[in-house]
Amino acid sequence: MLDDDYFTYEILKDALVAVGDEMFAAMQRTSMSPIIYEILDFAVGVTDARGNLVAQGNGVVLFMATLDSAVRAVLEKFGADGIHEGDIFITNDPYGGGGTHVSDVSLVLPVFCDGVLVAFVANKAHWTEVGGMAPGGNLTDSTEVYQEGLMFPTVKLFDRGVLNNPLVDMIAANVRLPDMTLGDMWASIAANRVGERRIVELVSRYGRETVVKAMARILDYGDRMVRAELARLPKGEFTAEAQIDGDGLGNGPFRAQVTVTITDDRFKIDYTGTDPQAPGSINTTRSGMHSFARAVFVACTVPHVPVNGGMFRALEVVCPDGTLFTAIRPAPTSVYWEAGNYVIDLVWQAMAPHVPDRLPAGGYLTVGSTNLWGTHPDTQEFYLLVEPLAGGWGAGRDSDGDSGQFCQANGETYNIPIEVAETRYGVRVERYGFNPEDGGAGKHRGGKGLVIEYRCLSPAWLTSILGRHLSRPWGVAGGCEGSSNRIVILRADGTEEEYGTTARLPIAEGEVVRMVTGNGGGYGDPRDRPRDAVAADVEDGFVTPAYAASIYRYVADD
């Protein structure tokens, strides 16, 4: 019996977390795409037999509500009689099964022990190519979801251990890089089978009843930890509103708002009043909204606790259908994070002044996905570069903001190393450094964004969208706004073109794509910043002498 055996419970709790960690490593090591094995744009996890999240390994934080939702979609569609040992299910529908956009594909494997369903293992990964009207997904000019690539409406990839070859043939026939796409599919399968094997081993060692009880206690543990922190949070209503840049089709900007209500046992997030869904592809769906909301909820409460489904029993998320955060089919969702990041940022802005030990000022916010493709000048093969961008985070109550970090939704992800980019793609990376622009002044300075320049060595095309191009990261307690994000094209004739969004923009051989991410917002009155800190910023090139003189009232000694 596990009821009073705390030692065995702790062993199983850590073991189930370790299952997620091992699945994560297997996925990274066996995938074909740099966006998975370098950037870590995926997540893996374990649920109990009812679809409650027990443990999750995250690269991408915004997948926090997608794995258990995918499992529940399997249970709802197939029922207990339709799920068998050896099955693997596949889903990426943005409007069901924990979907976000069609590029994020989930695979779900039921785990049986002695013929009894005891758990599920699942993963969700960004496939670089899923077909659609342009390479690489992340479309900025789609007008309906059907243009954005193949959709799998929770179907069987394996049925009792038998591969669904017609489905695999359909995938291969509809994507531009079938070897890469199918390679990532098999990596997902391998990761799930690692998780299955480890859970079976745990059941063999400790018994099915003990493992199942441990899963239930893990959920209760997550709930207790959250409620203990919830009791410490300020109570009442907290509001914020924001302007979201346009949708890439000339519509917008859009308005979004939130009311956060905190009681002793409830954390309610209400996005009522947010504008209706956009004609363009910046929309997120309800399942995406819940993932973003879970991420900021954890940031406000228990960021130090390994994620499980019990942590969200105290969370309530409200929003009417048909908004930017709850789009209805067939609205396009290809760059869903552009609206979805505001699901996080609105709560962040509302709560930052009240939980300064947890939340800093506003950051650059955007995922900033770069889709650049063409023909490699050396191999004459089609290449497709897909990479998110890091930027500047806001300053905190006690420290300057982090520089060159990925946005809250992207979490523990990375950039593609320059050596890999220059080898695999038809580009030369000529600059990768901190953004020298001013912005984000405060007693504590906002973190620095980044500048990366790709020189195209053959004709190429660029699709990208950088939110917060028209607005800036917000400051706290008198801190100044940060700087905005932008795309700059350095043309062969010496001219420069600036964009917030591009869709298949032609880039000639030798021309440069410069991606600039913003500096984070400041915290506190800039006049309270120590003189030696300002001097160091000027010397390091983080602050210009003119900005130091005008904002900080600092002039260097002769």
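The values are calculated or read from the model by the stated rules, or taken from the named source; none is laboratory data. A quick note: this is a predicted structure, and the numbers were derived from the prediction, not measured. Here Cβ is always computed from backbone atoms with ideal geometry, including for glycine, and neighbour counts include all displayed protein chains.
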Quiz item: So which of ALA240, ALA191 ends up being in contact (Cβ under 8 Å) with a residue 40 or more places away in the chain, part of a strand (DSSP E or B), out of contact with any Cys (no Cβ under 9 Å at 6 or more places or on another chain) and among the aliphatic types (A, V, I, L, M)?
Solution: ALA240
Practice problem: Enumerate the strands (runs of 3 or more DSSP E) found wholly within segment 428-507, keeping only those where 3 or more residues are over 28 Å from TYR342 (Cβ atoms). | Solution: 450-456
Practice problem: Please find, within segment 270-303, the residue that is surrounded by the most Cβ atoms within 10 Å (Cβ to Cβ) out of those that are β-branched (Val, Ile, Thr) and touching a Ser or Thr at 6+ places or on another chain (Cβ under 8 Å). | Solution: THR284
Self-check item: Hits in segment 304-344 - residues which are under 24 Å from THR140 (Cβ atoms) and of a type in the set (Val, Ile, Thr)
Solution: THR323, THR326, ILE328, THR333, VAL335, VAL343, ILE344
Quiz item: Hey, does segment 526-546 have a residue that's in the same structural domain as PRO436 (by TED's automatic domain parsing), under 31 Å from the mean Cα position of the chain (by Cα) and under 30 Å from ALA460 (Cβ atoms)?
Solution: no
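Listed here are the residues, each with its yes/no results for (1) buried (at least 20 other Cβ atoms within 10 Å of the Cβ); (2) within 24 Å of the chain's Cα centre (by Cα); (3) more than 30 Å from LEU384 (Cα to Cα).
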site: PHE158; (1), (2), (3): no, no, no
site: ASN164; (1), (2), (3): no, no, no
site: MET170; (1), (2), (3): no, no, no
site: ASN174; (1), (2), (3): no, no, no
site: VAL203; (1), (2), (3): yes, no, yes
site: GLU209; (1), (2), (3): no, no, yes
site: LEU233; (1), (2), (3): no, no, yes
site: ASP247; (1), (2), (3): yes, yes, no
Quiz item: Restricting the search to segment 273-332, which residues are over 20 Å from MET64 (Cβ atoms) and of a type in the set (Val, Ile, Thr)?
Solution: THR274, ILE282, THR323, ILE328
Quiz item: Are there any strands (runs of 3 or more DSSP E) wholly within segment 29-112 with 1 or more residues that are surrounded by fewer than 24 Cβ atoms within 10 Å (Cβ to Cβ) and modelled with pLDDT under 95, and if so which?
Solution: 53-58
Quiz prompt | Output for segment 348-376, where each listed residue is under 24 Å from GLY404 (Cβ atoms) and more than 15 Å from the chain's Cα centre (by Cα) | solution = TRP348, GLN349, ALA352, PRO356, ASP357, ARG358, LEU359, PRO360, ALA361, GLY362, ASN371, LEU372
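Matching residues to (1) on the phi > 0 side of the Ramachandran plot; (2) of a type outside the set (S, T, N, Q); (3) touching a helix residue (DSSP H, G or I) at 6+ places or on another chain (Cβ under 8 Å):
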{"residue": "GLY250", "(1), (2), (3)": "yes, yes, no"}
{"residue": "VAL260", "(1), (2), (3)": "no, yes, yes"}
{"residue": "PHE267", "(1), (2), (3)": "no, yes, yes"}
{"residue": "THR272", "(1), (2), (3)": "no, no, no"}
{"residue": "ASP275", "(1), (2), (3)": "no, yes, no"}
{"residue": "ALA278", "(1), (2), (3)": "no, yes, yes"}
{"residue": "GLY288", "(1), (2), (3)": "no, yes, yes"}
Quiz item: In the list SER483, SER464, which residue meets the criterion of being out of contact with any strand residue (DSSP E or B) (no Cβ under 7 Å at 6 or more places or on another chain) and either surrounded by fewer than 18 Cβ atoms within 10 Å (Cβ to Cβ) or of a type outside the set (Asp, Glu) (or both)?
Solution: SER483
Quiz item: What single numbered condition from (1) part of a loop (DSSP other than H, G, I, E, B); (2) at pLDDT 95 or above; (3) farther than 17 Å from ARG468 by Cα fails to hold for ASP357?
Solution: (2)
Practice problem: Could you tell me which numbered condition VAL260 fails, if it satisfies all but one of (1) over 27 Å from ALA339 (Cβ atoms); (2) of a type in the set (A, V, I, L, M, F, W, C); (3) assigned to a strand (DSSP E or B)? | Solution: (1)
Quiz item: Looking at (1) modelled with pLDDT of 95 or more; (2) touching a Gly at 6+ places or on another chain (Cβ under 9 Å), can you tell me which one GLY467 breaks?
Solution: (1)
